[in-house]
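Notes follow the structure.
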């Protein structure tokens, strides 16, 4: 069984303005893991969006775009308010974990040195693996959100190394997954999931025009590329 496809209603690391209108397309295409960022729309709109995702029986993900401790703490409080299932991203579990402690929210922070917006992952593979190890030792951290294709270096080696370090805990690959070869590499690395947002919304995959066709292409590519499908 391959990794979960998490469709992000985002472009350039921001929730798209028409996210609520694009959501039905994703649901009709059979996508059951849907996320968005904590920037791009006001909290009231994000609350409606999260509610609609969960009402449809899908899993709701909130990915943090924060550059400081105060905004990361605010994002954790937003996750509680929105009632999302998974909080991804951010680099400060010492700030986030106490906020969501006791809630059912699963928390997957970023390992490594994450800089800029849109985010870029810096450092050696060894340093990122060491960061992953430290994060996974913190109570309240359930998995990792790895900015694999935002890394300048051997991405496939990085993904494999972080997945090995995580063991049974999930690693989600995020950022710049915009071609079938990358989806295959994510599956081969042992990722639990991956996110695609901008690429599907902008129609970069070789499929007919329209979001539904893009999502169908990704789903089909995933089935073909997953290790179990090739066994």
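Here is a list: 183, 201, 222, 177. Which entry is touching a strand residue (DSSP E or B) at 6+ places or on another chain (Cβ under 9 Å), farther than 20 Å from residue 107 by Cβ and modelled with pLDDT of 95 or more? Even if it seems obvious, please write down each step before you answer.
On the way: 183 fails: modelled with pLDDT of 95 or more; 222 fails: modelled with pLDDT of 95 or more; 177 fails: modelled with pLDDT of 95 or more.
Within the list 183, 201, 222, 177, the selection yields 201.
Across region 151-181, what is the total count of residues that are in a helix (DSSP H, G or I) and crowded, with 21+ Cβ neighbours inside 10 Å? Working first, answer last.
In the first step, residues of region 151-181 are kept if they are in a helix (DSSP H, G or I); the result is 155-166, 180-181.
Going one step further and asking which of them are crowded, with 21+ Cβ neighbours inside 10 Å, we end up with 155, 158-159, 162-163, 166.
The total comes to 6.
Name the residues in region 30-58 that are surrounded by fewer than 19 Cβ atoms within 10 Å (Cβ to Cβ) and in contact (Cβ under 8 Å) with a residue 12 or more places away in the chain, would you? Before you say what the answer is, go through the steps one by one.
Here is the first cut: in region 30-58, the ones surrounded by fewer than 19 Cβ atoms within 10 Å (Cβ to Cβ) are 30, 32, 39, 42-45, 47-48, 51-52, 54-57.
Answer for region 30-58, where residues must be surrounded by fewer than 19 Cβ atoms within 10 Å (Cβ to Cβ) and in contact (Cβ under 8 Å) with a residue 12 or more places away in the chain: 30, 32, 39, 43, 45, 47, 48, 51, 52, 54, 56, 57.
Looking at region 70-96, which of its residues are more than 23 Å from residue 6 (Cα to Cα) and in contact (Cβ under 8 Å) with a residue 40 or more places away in the chain?
94
Does region 27-44 include one or more residues that are part of a helix (DSSP H, G or I) and touching a strand residue (DSSP E or B) at 6+ places or on another chain (Cβ under 7 Å)? Give the derivation first.
Step one: filter region 27-44 for residues part of a helix (DSSP H, G or I), giving 27-28, 43-44.
Of the ones still in play, those that are also touching a strand residue (DSSP E or B) at 6+ places or on another chain (Cβ under 7 Å) are none.
Scanning region 27-44 turns up no residue that is part of a helix (DSSP H, G or I) and touching a strand residue (DSSP E or B) at 6+ places or on another chain (Cβ under 7 Å).
The values are calculated or read from the model by the stated rules, or taken from the named source; none is laboratory data. Quantities reported herein were computed from a predicted structural model and do not represent experimental measurements. Methodologically, a virtual Cβ is constructed for each residue, glycine included, from the backbone with ideal geometry; neighbour enumeration extends over all protein chains shown.
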